[in-house]
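The values are calculated or read from the model by the stated rules, or taken from the named source; none is laboratory data. The shown structure was predicted, so the numbers you read here are calculated from the model rather than taken from an experiment. These accessible areas exclude ligands, DNA and RNA; they are computed on the full protein's heavy atoms, side chains included. Shrake-Rupley method; radii C 1.70, N 1.55, O 1.52, S 1.80 Å.
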Amino acid sequence: YITNNPTLCLSLAKRAIDCFSGAPLSGAYPGDEIGFEISFSNCGGYSGFSVVITDILPTNTVRANPAPGAVWWAGSGAGVPNIVSPMWSSSLGGPWNLTSQTGQVSPSYIRWILNRVGMHKTGFVRYCVTIL
């Protein structure tokens, strides 16, 4: 009989941003590079292990090449995740590639694996696309 089941409290949020400044996106047109930021937060009292974040590139976009294309941040101190470089696939079921996905068009999935998200730790991953 278990009396104290651990509960993971992990939240995710996605927002469109300016690819270079990280500021909220105010508008975008064909040919523009835009970014997407997926933030994560562990609001619970237990660590999350092997947390996988997967996203799909929006329709009518192509993966952009600039340096901000694979950025992540994950706080500091104990419990901060090591983040595996983004992997991509043309199918949700894989195979997953570690090579550059620059120039890939939809459907194209991007995935990050966080080895551990400690309690009360936050961070984000970002990627950039060009609107066709």
Long-range HN-HN contacts of residue 121 with modeled amide H, under 5 Å: 42
Accessible-area value, residue 59, 1.4 Å probe, nucleic acids and ligands omitted, Å²: 110
